[in-house]
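The values are calculated or read from the model by the stated rules, or taken from the named source; none is laboratory data. If you're wondering where the values come from, they're calculated on a predicted model, not measured in any experiment. With ideal geometry, Cβ positions are generated from the backbone for all residues, glycine too; neighbour counts draw on all protein chains shown.
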Amino acid sequence: MIRTICFKERRYIEELRILTRATALDCIIDERFDRVVYLIKEGDMGLAIGRKGNNIRKMQRVLGKRIEMVEYSPEIETFTRNAFKPATVLSIRKNDDGRLTVYIDTNDLGIAIGKGGCTIEKARLLLSRYFDTELGEVLAGVDAHA
């Protein structure tokens, strides 16, 4: 799958690299939730966040938008867990129709949904963009079929 990154996204990726020395593989400018979602190279998440989140705050001041970061992983399960962090993902199941059903710890369901569904939308965007997979349901509790 070929992804094209426009000028504005490239500028945001370069801004992150200059300020944090971390490598962003992709950047999604999400106008609906007024945020920028960075996909960070595996192992660079600590650099990107900075001590006590200083780098995220710095980036938010520079760009004037909310910043969210997800660490990349070539495994779909780890990638999905990273997309829903800090919510605890209990299990992930691929359905017959190819969609993913994600089971979240009951106490973390609100975090997994996000304000207005923003976390689910972030996971949906990233999964379709990198794994050509649709996010199906996000449910509380453990998968009964596991």
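One line per residue, one yes/no per condition, for (1) touching a Ser or Thr at 6+ places or on another chain (Cβ under 9 Å); (2) at pLDDT 95 or above; (3) closer than 29 Å to Glu9 by Cα; (4) hydroxyl-bearing (Ser, Thr, Tyr):
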| position | (1), (2), (3), (4) |
| --- | --- |
| Gly50 | yes, no, yes, no |
| Asn54 | no, no, yes, no |
| Pro86 | no, no, yes, no |
| Lys115 | no, no, yes, no |
| Tyr130 | no, no, yes, yes |
| Leu135 | yes, no, yes, no |
| Ala144 | no, no, no, no |
message: Pairs needed: first member in region 120-146, acidic (Asp, Glu) and part of a loop (DSSP other than H, G, I, E, B); second member anywhere, at pLDDT below 90 and crowded, with 18+ Cβ neighbours inside 10 Å; C-beta distance under 8 Å; at least 6 residues apart or different chains.
response: none
- prompt: Which of the residues spanning region 13-59 are hydroxyl-bearing (Ser, Thr, Tyr) and within 18 Å of Cys118 (Cβ to Cβ)?
  reply: Tyr38
message: Which of the numbered conditions does Glu121 fail, given that it passes all the others? Conditions: (1) acidic (Asp, Glu); (2) surrounded by 15 or more Cβ atoms within 10 Å (Cβ to Cβ); (3) over 27 Å from Leu16 (Cβ atoms).
response: (3)
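Would you mind finding the one in Gly50, Gly98, Gly43, Gly64 that is of a type outside the set (A, V, I, L, M, F, W, C) and either under 21 Å from Asp30 (Cβ atoms) or in contact with a Gly (Cβ under 8 Å, 6 or more places away or on another chain) (or both)?
The match here is Gly64.
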